[in-house]
Amino acid sequence: MFEIFQYTFVVRGLVAGLIIGVIAPLVGIFLVLRRYSLIADTLAHVSLAGVAIGLLTGLNPLLTALGASALSSLAIERLRNSKKIYGETALSIFLSGSLALAVVLIGLSHGFNVDLFSYLFGSILTVRPQDIFIMILLALIIGILFILFFRELIYLSFDEDSAKVSGIPASIFNSAFILLSAATIAISIPIIGVLLISALLVLPVITALQFRRSFAYTLLYAEIISLSSIMVGIIGSFYLNIPSGGFIVLVMLAIFIVTFLIKKPKSRLMSW
Amino acid sequence: MPVNHHKNIIEIKNLSFAYSGELVLKNISLNIHEGDYLGIIGPNGSGKSTLLKLMLGLLKPSAGEVNLFGKPVSEFKDWYKLGYVSQKAVNFDPLFPVTVWEVVAMGRLGRRGLGKNLSDVDDKAIDKALVEVGMTEFRDRLIGDLSGGQQQRVFIARALAAEPAVIFLDEPTTGIDVETQEQFYSLLTKLNRERDLTLVLISHDIDVIAHEATELACINQTLVYHGEPKEFVKADYLEMLYGKNIRQILHGH
């Protein structure tokens, strides 16, 4: 049963999975509560264009994905705030635009190789040794900022006007948060894949929300669900020889469905 | 420190605000003194919520200025002195996973400084605020599971936890039954009289303002009246200014 740990790529995949498993709910809980889930999906597609640039130019695809995702996240925020176009249409522009760019870049290079399928659906084989270093660094930054400022983020997500009146610099926090989301999404791509990232960020959180507990407990439950699904998914995908992203998300989905059916909503909530 | 009822804590000078080219507020001058309980009334769309947001620095004036505790809003730093209970506080996401205690703890953020942990002093202030509004036994309940009146008390507790000098309330009783409203207003009156807390309350309910507030401002793009509530009612300013249907205008929102 332990022979899989003899393979360095499996160990690398598991380490990467653990890192992502910890930071995804930290970012995901605020994405869900601020109704930003669709931004996650959009930034994942932008990251694919970033990956394509990386594969085409020979740069590390994780870094090019990070760059593309971070720049786009700020551009999306700006476009949404400009009020010249509707908020969702800003997302559609970036989602389809970056997918178009990715397809054209792939076409130009006469269709890379198997790599692309791995980036779409996730594979532990996609994690390169230097990626682990980038992931650990970013995870540390995200984790530290979260520990320092999670109370401010909760306040901003719950009641932005009152948070502003209490002196919290909302625009700096909002930009920083969207930037960290972009970073989380970009580093999750190798394991989860572009098309499944929003599930990674959203599913553990909405499952945890079904328990109707405090913020602290909701986050704890989301972390447990996230980490255990990723571990089960990666080990399972190794034995079944299937894309890790798909298996991870199916495990998360199963946990969500069971929780949703067991936890009946309180009648008061239904009357709202 | 004894309250000085002549000391201006908020000064509004020749304030105007336009939104997409349309004038919402025109040339408003108004002072709020320490210990005042100012009720702001006005018809729908009269700009009263806008005026509140200008006082709080959430909007920038097109002309004129607002001074908070002697400083222009743009230079004001002591935000913990202001508590705010917004209209939105009643319309929050009922599924949001925060307990009563976690909501009240938000009130300490401005006083504690960004990125710092809550200390024993903060914990005590949170507990005290919960006692003050009578919500201690609900501290571990989710805010979304409470009734509208209880939620409103929690939002007052959040404002109180910052130990502010003044609390701004924007139509805090929307959607709350009459009996609970009365309890809520007597809590406000108690805070004003016993704690000398300055209150700025926007309300549709002119009867409540006439009975409870110490000052009344009537806004309809301009400042129509500012003075004692009793004078306002006695002089029938309402009918003079708006015609005979004013009570319906104010109530029928």
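Here are a few things to note about the model shown:
- In terms of other Cβ atoms within 10 Å, A:Tyr155, B:Tyr185, A:Tyr217 run from fewest to most in the order A:Tyr217, B:Tyr185, A:Tyr155.
- At 0.692 mPa s and 37 °C, Stokes D of the range A:54-203 from Kirkwood alpha-carbon radius, µm² per second: 193 µm²/s
- Ratio of Rg to Rh over the range A:2-261 (Cα coordinates, Kirkwood Rh, two decimals): 0.97
- Given charges at beta-carbon only (K, R positive; D, E negative), |dipole| of chain B in Debye: 660 debye
- When chain B is treated as a Gaussian network with alpha carbon springs shorter than 10 Å, the biggest mean-square fluctuation among B:Asn31, B:Asn117, B:Asn220 belongs to B:Asn117.
- Full-extension gain in nm, B:Ser119 to B:Asp207, via 0.36 nm per residue minus C-alpha separation: 27.5 nm
- Translational diffusion coefficient (Stokes-Einstein; Kirkwood radius from C-alpha pairs) of the range A:143-272 at 20 °C, 1.002 mPa s, in µm²/s: 129 µm²/s
- For B:98-111, mean number of other protein chain Cβ atoms within 10 Å: 5
- Calculated FRET efficiency for the pair A:Ala75/B:Asp140, C-beta based, R₀ 56 Å, to 0.05: 0.85
- Computed over neighbours whose Cβ is under 14 Å from that of A:Arg35, the net charge equals -2, Lys and Arg +1, Asp and Glu -1.
- Per the Debye calculation on the range B:1-59 with a single equal scatterer at every Cα and no solvent contribution, log₁₀ I(q)/I(0) for q = 0.18 Å⁻¹ amounts to -0.69.
- With neighbour counts taken as other beta-carbon atoms within 10 Å, the residues B:Asp207, B:Asp127, A:Asp41 rank, fewest first, as B:Asp207, B:Asp127, A:Asp41.
- Inter-part distance where the range A:180-235 and the range A:11-83 are each reduced to a Cα centre, Å: 14 Å
- Shielding by partners for peptide A:29-38, expressed as the average number of C-beta atoms from other protein chains within 10 Å of each residue's C-beta, is 1.
- A Förster radius of 35 Å, combined with the Cβ-Cβ distance separating A:Ile141 from A:Val11, puts the computed FRET efficiency at roughly 0.90.
- Taken as Cα centroids, the range B:190-219 and the range B:127-159 sit 21 Å apart, rounded to the nearest whole angstrom.
- Rg(Cα)/(2.2 N^0.38 Å) for chain B, N = residue count: 1.01
- Candidates A:Ala183, A:Ala49, A:Ala102, ranked by Gaussian network fluctuation over chain A, Cα under 10 Å, top entry: A:Ala102
- Dipole moment magnitude, nearest 20 debye, the range A:2-261 about Cα centre, only Lys, Arg, Asp, Glu C-beta charged: 340 debye
- Cut-off of 10 Å, at most 13 other beta carbons, DSSP loop: longest stretch of chain A lacking such trypsin sites (Lys or Arg not before Pro): A:85-262
- Take B:69-77, B:21-29 and order them by the average number of nearby Cβ atoms within 10 Å per residue, most first; the result is B:21-29, B:69-77.
- Relative to the Cα centre, the charge distribution of the protein assembly as shown, modelled as +1 at Lys and Arg Cβ and -1 at Asp and Glu Cβ, gives a dipole magnitude of about 700 debye.
- Cβ-based exposure ranking for B:Asp78, B:Asp205, in which fewest neighbours within 10 Å come first: B:Asp78, B:Asp205
- Taking A:Ile191, A:Ile234, A:Ile144 as the candidate residues, the one with maximal mean-square fluctuation in a Gaussian network model of chain A, Cα springs under 10 Å, is A:Ile144.
- Debye intensity ratio I(q)/I(0), log10, the protein assembly as shown, q values 0.06, 0.11, 0.13 Å⁻¹ (C-alpha model): -0.36, -0.98, -1.20
Where a number appears in this text, it was derived from the coordinates with a stated rule and is not lab data. Quick caveat, the model's predicted, so the values are computed rather than measured. Please note: Cβ atoms are built from the backbone with ideal geometry, for glycine as well, and neighbour counts cover all protein chains shown.
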